[in-house]
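Before any comments, here is the structure.
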Amino acid sequence: MYRFRRIENLIGKYKELENQEIYFSDIVSLNDPMEGFREFYWSGDVIAWENLFKHYILCLEQMCFLAYLSEEMQIFSARDIPIFIEEDKLPTEQYRQMFREIWEKFFQIDGIKEYIDIIASLPWKVYRDELYAYFKYIHFIAFQVIMETYIKHGFQESYTTQPPDYSSHLKGFVEALKKINLVDEDEQDKIKILVKIQRDLLLEFDLISAYKLYDSPINQRRWFILSEFTNAYLDSLIKLTYPEAYVACFMSDCTNAAVWGHYGDSHKGICLKFRTKDTNGIPSIDLNCIIGMGEKPIYDYRQFPFYKIDYTNKFKEIDFFKSIGRLTMGQLMRQWYTDQEGNRSSCADHMIDKKREEIWRDQYWNSYNSGFLIKLKDWEYEKEHRLLLSSVLDSFEEVEDRKLKYKFDDLEAIIFGTRTSIEDKIKIIKIIESKCEVNHRKNFDFYQAEYSKTTGRMEIRKLDFIKLGLT
């Protein structure tokens with residue numbers, strides 16, 4: 001397997017070659033904006049949908065608290081949304097009672113229950129863009145209820161002018177939906193087109209709002225609450241499904257000029273060639289990582305399989321309500337799968353018995369891995385394989401925790417780029433020479449990438465006269 005690296009990573013600031021480290025990157029740092037994308041959809045009964053809207057309002061209230069009642073002047077982003085929060089875990093009984101008051105007042109507004117009932121009865125899967133519009137329809141109603149509750153409890157000053165009646169727009173939308181035959185496919189298309197138009201307009205309005213309000217922390221937080229929250233919430237919501245994973249990228253070929261240009265620092269970098277083990281037909285490599293916990297974390301080498309990237313323009317669909325895998329069973333049942341009367345959602349059917357749960361768990365983890373192993377066909381020329389890093393023992397949020405050591409014997413060779421400087425080549429050779437001596441290694445190979453006039457493509461030439469190792 002081949003791993004392309006910039007000189008800065010290898011022998012500069014990060015010293016990956018000296019430290020024998022493979023760095024695992026977070027998904028958002030990679031160059032494909034579709035990295036880690038999963039096609040989530042929402043389809044469930046009214047219990048699941050009511051709990052989703054309740055969770056939305058709970059998170060919105062938490063952000064309103066930070067924006068209007070906290071003295072901190074932080075800039076808000078999606079990572080500030082407390083997506084794992086639970087009503088029962090709010091800090092005081094008074095606070096819990098206040099949120100119950102907010103939810104009950106919101107749910108009792110004319111049209112809200114019918115609105116959620118209609119969404120729950122839709123005979124199609126609701127995808128992210130459509131859900132964005134459904135949340136936006138009730139966003140200002142929920143915000144107004146939160147502010148009115150703050151005023152009632154003395155946390156916020158009273159309005160100086162009468163706020164708009166946002167619920168009247170919702171009632172009109174509900175009445176229009178009630179007149180539509182949801183089973184009729186032509187009528188379904190009309191609703192989807194209408195919702196898409198509304199969604200596109202709302203996104204433009206959000207951008208205009210940002211242009212007007214993004215000039216100070218106070219105004220940025222106001223913009224986030226009023227405009228950006230829905231989008232940020234949907235970005236954060238999927239964190240409830242699968243744990244984070246980090247990736248290290250490798251290639252099965254090192255002769256593609258475009259790959260050298262993109263990942264080999266415009267051919268000034270180098271390419272590491274690694275030996276791999278064969279584990280049931282799958283290549284793997286041993287890396288030193290956390291394997292257990294005692295008084296301190298326990299580290300040792302374990303096998304990491306190389307997963308082959310699937311190049312496709314289609315992404316696997318995932319049922320959100322049946323893929324919430326990062327909560328305890330207790331919280332999952334309390335917060336998502338039961339209503340106030342204790343009725344259980346059909347979305348929890350996979351938890352009824354052990355056999356169903358085992359089937360669900362296998363499907364869950366298969367979907368987890370595949371989310372990090374799909375790229376658009378535009379990237380097919382890379383011939384990429386990946387190592388995945390995730391564990392229940394470590395979140396790997398700290399960069400240093402994502403630098404895993406490999407065995408020097410597994411570094412088979414180094415390939416210089418066509419533009420690698422002589423100074424960098426000498427530094428690399430000296431580092432390898434020292435490591436061969438320390439590790440009692442008998443040989444180490446170097447190669448030079450170059451353009452072949454004969455074949456019209458990149459070729460790799462072995463540097464036979466550079467002899468390193470014990471003689």
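The values are calculated or read from the model by the stated rules, or taken from the named source; none is laboratory data. In this text, all values refer to a predicted model and were calculated from it rather than measured experimentally. Here Cβ is always computed from backbone atoms with ideal geometry, including for glycine, and neighbour counts include all displayed protein chains.
Per-structure values
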| quantity | calculated |
| --- | --- |
| Of residues in the stretch 338-381 being among the hydrophobic types (A, V, I, L, M, F, W, C) and free of Cβ contacts under 8 Å to residues at least 40 places away in the same chain, the one surrounded by the most Cβ atoms within 10 Å (Cβ to Cβ) | A348 |
| Close pairs from the stretch 188-200: first farther than 13 Å from L122 by Cβ, partner among the charged types (D, E, K, R), Cβ under 8 Å, at least 6 apart | K196/D129; K196/E130; Q198/K136; R199/D129; R199/E130; R199/K136 |
| Residue identified as charged (D, E, K, R), more than 30 Å from F40 (Cα to Cα), touching a helix residue (DSSP H, G or I) at 6+ places or on another chain (Cβ under 7 Å) and modelled with pLDDT of 95 or more among K322, K268 | K268 |
| Total residues in the stretch 146-184, condition touching a residue at least 60 places away in the same chain (Cβ under 8 Å) and in a loop (DSSP other than H, G, I, E, B) | 4 |
| Filtered residues of the stretch 12-67 (kept if more than 30 Å from F106 (Cβ to Cβ), small (G, A, S) and either without any contact (Cβ under 8 Å) to a residue 12 or more places away in the chain or assigned to a helix (DSSP H, G or I) (or both)) | G12, S29 |
| The stretch 95-124, subset among the charged types (D, E, K, R) and either at pLDDT 95 or above or part of a helix (DSSP H, G or I) (or both), residue farthest from I197 (Cα to Cα) | R96 |
| Residue within the stretch 129-145 that is outside any helix (DSSP H, G or I) and surrounded by fewer than 16 Cβ atoms within 10 Å (Cβ to Cβ) present | no |
| Scan of the stretch 277-287 for residues that are surrounded by fewer than 17 Cβ atoms within 10 Å (Cβ to Cβ) and either under 30 Å from I426 (Cβ atoms) or in contact (Cβ under 8 Å) with a residue 24 or more places away in the chain (or both), ordered by number | K277, T279, I282 |
| Candidate set from the stretch 439-463 (those that are among the aromatic types (F, W, Y) and within 15 Å of G417 (Cβ to Cβ)); member that is surrounded by the most Cβ atoms within 10 Å (Cβ to Cβ) | F446 |
| Test: residue in the stretch 290-304 that is touching a helix residue (DSSP H, G or I) at 6+ places or on another chain (Cβ under 9 Å) and either part of a strand (DSSP E or B) or not assigned by TED's automatic domain parsing to the domain that holds S391 (or both) | yes |
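Let's see how each residue does on (1) charged (D, E, K, R); (2) over 14 Å from D26 (Cβ atoms):
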site: R386; (1), (2): yes, no
site: L389; (1), (2): no, no
site: E397; (1), (2): yes, no
site: E400; (1), (2): yes, no
site: K407; (1), (2): yes, yes
site: D410; (1), (2): yes, yes
site: E423; (1), (2): yes, yes
site: K430; (1), (2): yes, yes
